[in-house]
Amino acid sequence: MPEMLVHGAAPYNAEPDRARLAARLVTDNDVFYVRCHGDVPALDEATHRLRVDGLVRSKLDLSMHELNTRFTQVACEAVLQCAGNRRADMQGVRPTSGDPWQVGAIGNARWQGVRLADVLDAAGAAGIDRADASLHVAFECLDHCTVDGERFRYGASIGLPKALSPDVLLATGMNGVPLPPEHGFPLRLVVPGYAGVRSPKWLSRITVQTTPSDNPIQARDYRLLPPDVSAEAIDWSRGFAIEEMPVNAAICVPAPFAALPEGPVTIEGWAMASSRSIVRVDVSADGGRVWHQAALRRSQDGGARSWTLWRIGLALGRGRHELVVRAWDAAGQTQPSDVAEIWNVKGYLSNAWHRVQVEVG
């Protein structure tokens with residue numbers, strides 16, 4: 001496995017070398033970031049089962065064989081990104097909780113499995129108003145988390161309309177092979193466009209219900225809080241659940257504080273938006289005063305679910321340069337210029353202009 005930047009050994013949390021991340025449109029499994037909230041459970045595909053219950057006509061209790069043979073197999077290329085990606089930028093403003101993710105808590109994979117909508121329909125959810133945003137689909141998993149001294153199994157939920165989207169998968173494969181253990185073997189959810197926290201791993205139960213999950217991950221974490229909330233007095237009711245991820249971009253090459261020769265320099269990285277295509281990426285070599293448009297590269301298979309890789313060559317003279325990138329999506333939305341404007345105590349949704357200092361000489 002390539003060397004990873006490890007933020008925690010137990011639970012294991014790590015991101016890849018940023019240059020390797022930007023090298024391929026589809027992220028290799030061994031380069032894909034790993035976010036765990038507890039230990040990776042050792043599960044047996046032959047005995048693993050998935051329960052479906054709640055506001056359905058027919059409860060289901062499926063083996064993995066039944067899941068894989070009863071429902072149509074599909075594939076979906078999509079980005080997953082941790083809500084705390086680029087948290088290190090916020091921590092440069094003032095402290096936050098959470099791991100100091102740089103730009104690598106993101107990856108783009110080809111996921112294989114069955115549509116969540118097909119399984120819900122088989123359980124009788126087709127009789128429910130499919131557009132009813134007051135209904136939720138909750139997920140229970142087999143990994144154990146410990147937060148603030150409380151130990152519990154991981155859980156999360158999404159709204160029913162999103163759950164019935166055709167690109168939301170119960171995934172069993174990743175890039176043509178079974179899910180690696182650290183990525184959810186034998187079964188996980190993949191919710192394109194949403195923060196990775198809504199794509200739980202080691203999935204064992206699905207429940208259609210009238211309220212969001214009361215699991216602490218859903219109810220008391222992964223909520224965007226206003227900037228005046230402090231770590232000493234967190235009021236979760238003042239936040240809202242993080243779902244769609246904002247437009248974002250990052251520089252992967254060159255690395256921060258790189259020493260570069262004078263002359264042409266290749267600058268490259270990634271850009272993404274949750275449900276819209278990236279239409280433009282601007283790069284500056286002088287802190288954002290003068291902008292240049294980068295060339296874009298995207299997969300034909302992923303569409304707006306996927307990311308966009310970008311590249312530009314600029315001639316840099318001697319001295320220190322502040323490289324900056326910003327992206328624009330198809331709705332004309334772009335990124336805030338200053339990370340201080342969006343700081344929050346949890347360090348979530350860090351999507352300000354990404355800045356990298358380099359020395360040319």
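The values are calculated or read from the model by the stated rules, or taken from the named source; none is laboratory data. The model shown is predicted, which means the values in this text are computed figures rather than measured ones. Neighbour counts are summed over all protein chains in view; Cβ atoms, including those assigned to glycine, are modelled from backbone coordinates with ideal geometry.
Scanning segment 287-339 for residues that are touching a strand residue (DSSP E or B) at 6+ places or on another chain (Cβ under 7 Å) and free of Cβ contacts under 8 Å to residues at least 40 places away in the same chain yields Val290, Trp291, His292, Gln293, Ala294, Ala295, Leu296, Thr308, His321, Glu322. Checked against the criterion of being touching a Phe, Trp or Tyr at 6+ places or on another chain (Cβ under 7 Å), of a type in the set (D, E, K, R) and assigned by TED's automatic domain parsing to the domain that holds His144, the candidates Arg198, Arg220 yield just one match: Arg220. Among the residues of segment 1-48, the one identified as assigned to a loop (DSSP other than H, G, I, E, B), buried (at least 18 other Cβ atoms within 10 Å of the Cβ) and among the polar types (S, T, N, Q) is Thr27. Residues in segment 173-202 that are free of Cβ contacts under 8 Å to residues at least 24 places away in the same chain and either among the polar types (S, T, N, Q) or assigned to a loop (DSSP other than H, G, I, E, B) (or both): Leu179, Gly184. Scanning for something within 24 Å of the chain's Cα centre (by Cα), part of a loop (DSSP other than H, G, I, E, B) and crowded, with 16+ Cβ neighbours inside 10 Å, does segment 307-322 turn up at least one residue? Yes, segment 307-322 contains a residue that is within 24 Å of the chain's Cα centre (by Cα), part of a loop (DSSP other than H, G, I, E, B) and crowded, with 16+ Cβ neighbours inside 10 Å.
When the residues of segment 114-160 are filtered to those that are of a type in the set (Val, Ile, Thr) and modelled with pLDDT of 95 or more, the one that is surrounded by the most Cβ atoms within 10 Å (Cβ to Cβ) is Val137. Within the option set Val197, Val247, being on the phi < 0 side of the Ramachandran plot and touching a helix residue (DSSP H, G or I) at 6+ places or on another chain (Cβ under 9 Å) holds for one residue only, Val197.
For segment 236-277, enumerate the residues that are among the basic types (Lys, Arg) and either surrounded by 14 or more Cβ atoms within 10 Å (Cβ to Cβ) or part of a strand (DSSP E or B) (or both).
Passing the criteria: only Arg276.
Once segment 323-361 is narrowed to residues that are among the β-branched types (Val, Ile, Thr) and outside any strand (DSSP E or B), the residue that is surrounded by the most Cβ atoms within 10 Å (Cβ to Cβ) is Val345.
Residues that are buried (at least 23 other Cβ atoms within 10 Å of the Cβ) and not in a helix (DSSP H, G or I) within segment 83-98 comprise Ala83, Gly84, Asn85, Arg86, listed in sequence order. Residues in segment 289-306 that are assigned to a loop (DSSP other than H, G, I, E, B), out of contact with any Ser or Thr (no Cβ under 7 Å at 6 or more places or on another chain) and either under 23 Å from Ala19 (Cβ atoms) or at pLDDT 95 or above (or both): Arg289, Ala294, Gly302. Can you pull out the residues in segment 27-68 that are under 30 Å from Leu5 (Cα atoms) and of a type in the set (A, V, I, L, M)? Across segment 27-68, the qualifying residues are Val31, Val34, Val40, Ala42, Leu43. Residues in segment 148-172 that are assigned to a strand (DSSP E or B) and within 17 Å of the chain's Cα centre (by Cα) were compared, and the one that is farthest from Arg305 (Cα to Cα) is Tyr154. Restricting segment 52-72 to residues that are in contact with a strand residue (DSSP E or B) (Cβ under 8 Å, 6 or more places away or on another chain) and surrounded by fewer than 14 Cβ atoms within 10 Å (Cβ to Cβ) leaves a set whose member that is farthest from Asn108 (Cα to Cα) is Lys59.
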